[in-house]
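The values are calculated or read from the model by the stated rules, or taken from the named source; none is laboratory data. None of the values given here were measured: they were computed from a predicted structure. Because the Cβ atoms are built from the backbone with ideal geometry, glycine has one as well, and the counts that use them run over all protein chains shown.
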Amino acid sequence: MLRPENFIYRPKDTVIHRLDPRSKFYYAFLMLVLAILTIDFNLLLLLLLFTLFPILLGKILKQVLKAIQSSLFFLALIFIINFIFSLNVILALALVIRFLILIISFLAFSLTTSIDDIALSFYKLRFPYDFVLALTLAYRFIPTLFKDAVNIVDAQRSRGLETQKGNLIKRVKNFMPVIIPLLVVAIRRALNVAEAMESRCFGASKRPTNYYELKIKFGDILLFVASTILFIIVLAEILGLVKIAIV
Amino acid sequence: MSELISIENLSFRYVDTDFYSLNNVNLKINKGDFVLLCGPSGCGKTTLLRAINGLIPNYYQGEYKGKVIIENKEVSKHKTYEIAKIAGLVFQDPENQLFTSSVEKEIAFGLENLAIPRDEMRRIVNETIRVLNLENLRYKVPAFLSGGEQQKVAIAAIYAMRPKVLLLDEPLSNLDPYSAISVIELIYKLNKELGLTILIAEHRLDWLIPFSNRIVIMNEGRILIEGETRSILEKFDLEQFDVNDPKIPTLAKRINKIFNLRIKISLTVDEFVDNFKKELNDRI
């Protein structure tokens, strides 16, 4: 079962949480590129090991494990399909590890970075304020709309709606009495939110100021340099320029 | 006391409706007033608050007649944000008015929009949090607070812009009695200690009459009666205006009628007991 709370940022005070979102994203992106470029089992294992540092430093191991648990099905699927087509256990495992690296490195970013910081990075990159705010609002209202959806499902069930019976098409059809009220509720909320924003002087300035500040600190430079060096070394290894001694 | 808001012959009809939600409304509100706005649902309370805040006619379109003047500014001739800075509006559902991921950021939201420099903004946010005793909520996520806490944060977020008037549209209707009372205490503090003028639309008169100095009763877009809280309660039974009679003043009136006494109009239990004692002592 996909549980949204395992993928949601929770405020904590750790080295990783304090890092600038841009440097964290840079790290996650390089990991992604490397994991896609190589298929070497040992190299992927080494990369997987590296992805563990930010997880441990950021104290998000529990959430990451739960997230991996909810993607076990996909991991198994990747393994089985690749094994059937290649009959090579090592290759199938390597692909599973590649997928794990992708999950873990992006979780290290998304679980330790608040949406405010992400939005602020976009704003600093000169994205328009409206776009940045839309991003924050979309994220902010996920739990609220989720709660609305649960309420509507409960209300419709108490009126006799069957959501668990029948084949797939029938089930989707049964969900119409949920979708329509949810849409209406969402639109009504959006109008109220717009009204409340007007009342908080939205639109008074084209370039509003920011309460929080993004600052490149020593840790960010360290992460930037470390991931760049790692990237260069691994890239060199992939291209056959150097040989790293791995067991 | 000087006049802060002046509404003259205001009528408003929303687009796509065939009746006037406000019908020739005249009202003056002074600096420092705590005005209680009541009336049955759909009587025009919300529309009146929107008209003072500038949402009408800027955000809601419709047929607009008359004038609303606040601090020498005619509302219909200014942008919403220019008026919202002076008259902040707090809504019924707190969840729809909290947009950010921490309470301090929420309080700063209006200030960000007004492009206030960061140092100044930090000073105002700190002061707001200190004055309104929200220190324990500072880093929490607004979406996950209790209803009462959310409503307090919503009020703080408006107060941070240092408005002259705080308009509240049924702020207590989603709250349990305990949190409702703590929200009322906060509103009262803003009025009494910080000099904010309050205009609150609410059905629960019992809780609010001890704090208000004026009552305005509306129905079908018109103001039926308006005046000083005690004199209104003395002169009228509010039931006739489709408004629930507040219990304590009604109790005094009933006892007076049955036992032929003259207990003074009282707004709280303590006041009632005192006045009752006085009346009995006078009689004996």
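What about B:Y159, is it more than 13 Å from chain A (Cβ to nearest Cβ) and within 15 Å of the chain's Cα centre (by Cα)?
no
Evaluate the following for B:L190: is it aliphatic (A, V, I, L, M), surrounded by 19 or more Cβ atoms within 10 Å (Cβ to Cβ) and either closer than 20 Å to B:P171 by Cα or at pLDDT below 90 (or both)? I'd like the intermediate steps shown before the answer.
On the way: aliphatic (A, V, I, L, M): yes; surrounded by 19 or more Cβ atoms within 10 Å (Cβ to Cβ): yes; either closer than 20 Å to B:P171 by Cα or at pLDDT below 90 (or both): yes.
The answer is yes for B:L190.
Just give me the residues in the stretch B:105-124 being assigned to a helix (DSSP H, G or I) and within 7 Å of chain A (Cβ to nearest Cβ), in sequence order. Can you show your working first?
In the first step, residues of the stretch B:105-124 are kept if they are assigned to a helix (DSSP H, G or I); the result is B:105-113, B:118-124.
Those that are assigned to a helix (DSSP H, G or I) and within 7 Å of chain A (Cβ to nearest Cβ): B:K105, B:A108, B:F109, B:G110, B:E112, B:N113, B:R118, B:M121.
Can you name the condition, by its number, that A:L230 falls short on among (1) within 30 Å of A:R18 (Cα to Cα); (2) under 29 Å from the mean Cα position of the chain (by Cα); (3) surrounded by fewer than 16 Cβ atoms within 10 Å (Cβ to Cβ)?
(3)
Out of everything in the stretch B:15-38 that is polar (S, T, N, Q) and part of a strand (DSSP E or B), what residue ends up being surrounded by the most Cβ atoms within 10 Å (Cβ to Cβ)? Reasoning before the result, please.
We begin by selecting, within the stretch B:15-38, every residue polar (S, T, N, Q); these are B:17, B:21, B:23-24, B:26, B:30.
Then keep just the ones that are part of a strand (DSSP E or B); that gives B:23-24, B:26, B:30.
Values: B:N23: 18, B:N24: 14, B:N26: 13, B:N30: 14.
Restricting to residues being polar (S, T, N, Q) and part of a strand (DSSP E or B), the top hit is B:N23.
Out of (1) of a type in the set (D, E, K, R); (2) more than 9 Å from every other protein chain (Cβ to nearest Cβ); (3) in contact (Cβ under 8 Å) with a residue 12 or more places away in the chain; (4) under 26 Å from B:I116 (Cβ atoms), what's the single condition that is false for B:E63?
(4)
Filter the stretch B:206-222 down to residues that are surrounded by fewer than 21 Cβ atoms within 10 Å (Cβ to Cβ) and part of a helix (DSSP H, G or I), then give me how many there are.
2
Residues that are closer than 23 Å to B:C43 by Cα, surrounded by 22 or more Cβ atoms within 10 Å (Cβ to Cβ) and in contact (Cβ under 8 Å) with a residue 60 or more places away in the chain: does the stretch B:223-230 have at least one?
yes
Take A:V132 and decide whether it is among the hydrophobic types (A, V, I, L, M, F, W, C) and within 21 Å of the chain's Cα centre (by Cα).
Criteria met by A:V132.
Scan B:L10, B:L48 and give me the residue that is part of a strand (DSSP E or B), crowded, with 17+ Cβ neighbours inside 10 Å and more than 14 Å from chain A (Cβ to nearest Cβ).
B:L10
Within the stretch B:81-94, which residues are part of a helix (DSSP H, G or I), crowded, with 24+ Cβ neighbours inside 10 Å and facing chain A (nearest Cβ under 7 Å)?
Within the stretch B:81-94, B:A84 is the sole residue that qualifies.
Report whether or not A:R189 is more than 26 Å from B:M121 (Cβ to Cβ) and at the interface with another protein chain (Cβ under 7 Å from one of its Cβ atoms).
Judged against the criteria, A:R189 is a match.
What tally of residues in the stretch B:66-81 results from selecting those that are under 20 Å from the mean Cα position of the chain (by Cα) and without any contact (Cβ under 8 Å) to a residue 60 or more places away in the chain? Can you show your working first?
Residues of the stretch B:66-81 that are under 20 Å from the mean Cα position of the chain (by Cα), as a first pass: B:68-71, B:75, B:80-81.
From what is left, the residues that are without any contact (Cβ under 8 Å) to a residue 60 or more places away in the chain are B:75, B:80-81.
Within the stretch B:66-81, residues that are under 20 Å from the mean Cα position of the chain (by Cα) and without any contact (Cβ under 8 Å) to a residue 60 or more places away in the chain number 3.
Here are some residues: A:E195, A:E162. Which one is over 30 Å from A:V33 (Cα atoms) and within 14 Å of chain B (Cβ to nearest Cβ)?
Exactly one of A:E195, A:E162 is over 30 Å from A:V33 (Cα atoms) and within 14 Å of chain B (Cβ to nearest Cβ), namely A:E195.
Can you name the helices (runs of 4 or more DSSP H) wholly within the stretch A:117-231 that have at least 1 residues being under 30 Å from B:A51 (Cα atoms) and either free of Cβ contacts under 8 Å to residues at least 60 places away in the same chain or assigned by TED's automatic domain parsing to the domain that holds A:F25 (or both)?
Where helices (runs of 4 or more DSSP H) fall fully within the stretch A:117-231 and carry at least 1 residues being under 30 Å from B:A51 (Cα atoms) and either free of Cβ contacts under 8 Å to residues at least 60 places away in the same chain or assigned by TED's automatic domain parsing to the domain that holds A:F25 (or both), they are A:129-140, A:142-158, A:176-198.
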